[in-house]
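See below for the structure under consideration.
The values are calculated or read from the model by the stated rules, or taken from the named source; none is laboratory data. Computed from a predicted structure; not experimentally measured. We place every Cβ from the backbone using ideal geometry, glycine too, and count neighbours over all the protein chains shown. Just so you know, the surface numbers come from the protein's heavy atoms only, side chains and all, with ligands and any DNA or RNA stripped out. Shrake-Rupley method; radii C 1.70, N 1.55, O 1.52, S 1.80 Å.
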Amino acid sequence: MALSPTLLAQILGVPQESLDTSGLKLTLGEVYRYAGPATLTRNTRSLPKLERLEPRDGRYHLEPGAYLVRYSEPVKIPPGFIALAYPRSTLLRMGAVLHTAVWDPGYEGRGVTLLEVHNPHGITIEQGAHIAQLVYIPVIGLTRLYQGAYQHEGINTSPSGQKPDSITREMH
Ligand SMILES: O=c1ccn([C@H]2C[C@H](O)[C@@H](COP(=O)(O)OP(=O)(O)OP(=O)(O)O)O2)c(=O)[nH]1
C-alpha cells in the first residue's frame, strides 16, 4: 500500500520534508561519552553517568570508541506502528555504526542510539547531519501503548539548550 507523502507526514505527525524514501530522517543532536558503569538486574536498572561532548564549529570529532547519541527530532510513534532506525549507509562507509532497538507504539520523545566509531582515524560529524532513517512498520493486534521509563525523554530541551548532565538524570 503506497500512501502519498502528504498523508504519510500527517499520520506520522512530521513535516513532509523530514521524510525520505524509506521513512523519517533522523539527525545528530547531542553526543555523550560513557563516564561510568551500568547495571541491569531482573527488577532494576542503573544507567551510566554520561559526559556531554561539546561540538567544535558545530562538528563532533570522534575518536574510535562508543558514544551515546540523541537524535535532534522529537518523534511520536502512532498507535498501530512500531519503528526501526537504521544508519545511513554513508556512516558505515565512514567506518561507524549505530546500534538500535525497537521504537514502541505510543512512544514520544527524542530517542537515542549507540554510535560506535571503528575507523582508526576517527570521524567528524556535524550537528544536524542526517545519520539515520526511522522506518515505520504497521503491526496488527498490538493494543498497548508505550508507558515505559523513556516516555517524553529529551523533548523539553533542544540540542543546543540541554544542560550537560540532564540526560543522566532523566535516564536514571
Ligand atoms: O534505538 C532505539 C530504540 C528505541 N528508542 C526509544 C523508543 C522506545 O519506545 C523507547 C524504549 O525502548 P525499549 O522499550 O527498548 O526500552 P526498555 O529498555 O525496554 O525500557 P522501558 O521498558 O522502560 O521502556 O526508547 C530509542 O530511543 N532508540
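Quote the FRET efficiency, to the nearest 0.05, computed for Leu3 versus Thr124 with a Förster distance R0 of 30 Å and r equal to the Cβ-Cβ distance.
Working: r = 36 Å, r/R0 = 1.21.
The computed FRET efficiency comes out at 0.25.
Mind giving me the nanometre distance, one decimal, between the label points for Gln151 and Ile11, set 7 Å out from Cα along Cα→Cβ?
Going by the 7 Å Cα→Cβ label model, 2.4 nm.
Which whole-number percentage describes the relative contact order of the chain, with Cα contacts under 8 Å and a sequence gap of 6 or more? Don't skip to the answer; put the middle values down first.
Numbers: 352 pairs, mean separation 47.8, N = 172.
Relative contact order here is 28 percent.
Any idea of His61's accessible area? Nearest 10 Å², probe 1.4 Å.
Surface accessible to solvent at His61 totals approximately 90 Å².
Per-residue HN-Hα couplings for the stretch 56-64, Karplus 6.51 cos²θ - 1.76 cosθ + 1.60 at θ = phi - 60°, whole Hz, x for Gly and Pro?
Values per residue, Gly and Pro as x: 10, 6, x, 10, 9, 9, 10, 6, x Hz.
Stretched out fully, how many nm does the piece from Arg42 to Leu84 gain, at 0.36 nm a residue minus the Cα gap? Please report the intermediate quantities before stating the final value.
Working: separation 42, 0.36 × 42 = 15.12 nm, distance 2.52 nm.
Once the chain is fully extended between Arg42 and Leu84, it gains 12.6 nm.
Rounded to the nearest 500, what is the chain's calculated 222 nm mean residue ellipticity when only DSSP H runs of at least 4 contribute -39500 (n - 2.57) each, over all residues? Please report the intermediate quantities before stating the final value.
Numbers: 3 runs with 20 residues, N = 172.
For the chain, the value works out to -3000 deg cm²/dmol.
Mind putting a number on the dipole of the chain about its Cα centre? Charges go on the C-beta only, +1 for Lys and Arg and -1 for Asp and Glu, and I need it in Debye to the nearest 20. Walk me through the numbers before you get to the answer.
Details: 16 positive and 15 negative charges, 67 e Å.
It comes to approximately 320 debye.
If you count only protein heavy atoms and use a 1.4 Å probe, how large is the accessible surface of Leu53, to the nearest 10 Å²?
Its heavy atoms expose roughly 20 Å² to the probe.
On a 1.4 Å probe surface of the protein chains, which of Leu3, Leu142 comes out largest in accessible area, and what is the full order?
On the way: Leu3 65, Leu142 100 Å².
Solvent-accessible surface, decreasing: Leu142, Leu3.
On the accessible surface of the chain, probed at 1.4 Å, how many percent belong to carbon and sulfur atoms?
On the way: 5430 of 9980 Å².
Summing carbon and sulfur atoms, their accessible area is 54 percent of the total for the chain.
Which cross-chain or sequence-distant (5 or more) residues have an amide H under 5 Å from the amide H of Lys49, H modelled 1.01 Å from N in plane?
Ala35, Gly36
Of Tyr86, Tyr34, Tyr150, which has the most accessible area and how do the rest follow, probe 1.4 Å?
Working: Tyr86 120, Tyr34 85, Tyr150 55 Å².
My answer, sorted largest first, is Tyr86, Tyr34, Tyr150.
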